[in-house]
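Take a look at the structure set out below.
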Amino acid sequence: KPILHEVLNKGLQFVLENEKDKIFNQWFTNIYQNILTDNLTLQEKMFLEKQPVVRFRVRPDRPPFEFVRDGKPVGIAVDYIKQSAKNVGLKVEFVVDNRAISDAYKEVESIREEFDTLSFTVKNPQREKRFSFGVSYLSYPMMIISHQNGPYIGALESLKGETIVLEKGFLTNEWIKRDYPDIKIINAKNTKEALEMVNSEKVLAYVGNLGVANYMKSFGNMDNLKIVAPSGYGNIEYNFMGPKEWPE
């Protein structure tokens, strides 16, 4: 088996160096994919050879998924990425960045000076046209969060005519404007700022991720937050994503 893998790796190197030799490349691709037992396709192997390091953008203030502790990027998403990279032999770097999500998408789509991709994002048809998406690997309920002294809120229907806060650039803006046009929306630059506005009673409610809200309530000195009702949008699925030319 070690000799077989050595032969396969030499063939892979030939493919990488002689991309125009289509006859050999096709023959080798078939042999490689029939024999190799590590569940990686030839295209994925070639990607790892060409792109040995991938830089992931990490926001500093979206716990428990991604944040900074003692100067180092940490969180559930960071742990998933580290383990996934270890599984396939990929080197990863984490770049702390707190720009708006729209600016982060532009960086991945065309510039890629600071980072190559995000640690996670939500997939929708518009974004699928711009980026390559992987599997969903995080899933959390979307809930309505209010101040503990606030009025009863049983559903988003209860917020008609009221003002809520959402993160700028998040898909929740599109959904609520579409489904509840009578709800007024103001934007915060990030989730922490949005929840702080609810915690200090500057705005009635926030609609977003239960995991982040629970963490902020427990560890972020936001004792006035209260999870009051489901949003009606179920669970949000977070996906790996990358540049469009990186389907692997």
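In table form, for the structure just shown:
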read-out: Per-region count, the stretch 173-194, residues in contact (Cβ under 8 Å) with a residue 60 or more places away in the chain and touching a strand residue (DSSP E or B) at 6+ places or on another chain (Cβ under 7 Å); value: 3
read-out: Of all residues in the stretch 175-192 being open to solvent by 80 Å² or more (accessible area, probe 1.4 Å) and at pLDDT below 95, the one that is farthest from Asp223 (Cα to Cα); value: Lys189
read-out: Flag for Lys202 being open to solvent by 80 Å² or more (accessible area, probe 1.4 Å) and part of a helix (DSSP H, G or I); value: no
read-out: Residues of the stretch 205-230 satisfying the condition of being buried (at least 21 other Cβ atoms within 10 Å of the Cβ) and closer than 16 Å to Ser158 by Cα; value: Ala205, Tyr206, Val207
read-out: The stretch 125-157 - residue that is of a type in the set (D, E, K, R) and within 25 Å of the chain's Cα centre (by Cα) and, of those, surrounded by the most Cβ atoms within 10 Å (Cβ to Cβ); value: Arg127
read-out: Of residues in the stretch 231-248 being part of a strand (DSSP E or B) and aromatic (Phe, Trp, Tyr), the one least open to solvent (accessible area, probe 1.4 Å); value: Tyr238
read-out: Selection from the stretch 100-116 of residues that are more than 18 Å from Arg62 (Cα to Cα), open to solvent by 20 Å² or more (accessible area, probe 1.4 Å) and of a type in the set (D, E, K, R); value: Lys106, Glu109, Arg112, Glu113, Glu114
read-out: For Arg62: the one exception among (1) under 16 Å from Tyr137 (Cβ atoms); (2) open to solvent by 30 Å² or more (accessible area, probe 1.4 Å); value: (2)
read-out: Restricting the stretch 158-169 to residues that are more than 15 Å from the chain's Cα centre (by Cα) and farther than 16 Å from Leu225 by Cβ, the residue that is surrounded by the most Cβ atoms within 10 Å (Cβ to Cβ); value: Leu159
read-out: Subset of the stretch 91-111 that is part of a loop (DSSP other than H, G, I, E, B) and touching a helix residue (DSSP H, G or I) at 6+ places or on another chain (Cβ under 9 Å) - its residue that is farthest from Phe67 (Cα to Cα); value: Arg99
read-out: Residues (among the hydroxyl-bearing types (Ser, Thr, Tyr) and either in contact with a helix residue (DSSP H, G or I) (Cβ under 8 Å, 6 or more places away or on another chain) or not in a strand (DSSP E or B) (or both)) located in the stretch 134-166; value: Tyr137, Tyr140, Ser146, Tyr152, Ser158
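The values are calculated or read from the model by the stated rules, or taken from the named source; none is laboratory data. Quick caveat, the model's predicted, so the values are computed rather than measured. Every residue, glycine as well, gets a Cβ built from its backbone with ideal geometry; the counts of neighbours run over all protein chains shown. Areas reflect the complete protein model, heavy atoms only, side chains present, ligands, DNA and RNA absent. Shrake-Rupley method; radii C 1.70, N 1.55, O 1.52, S 1.80 Å.
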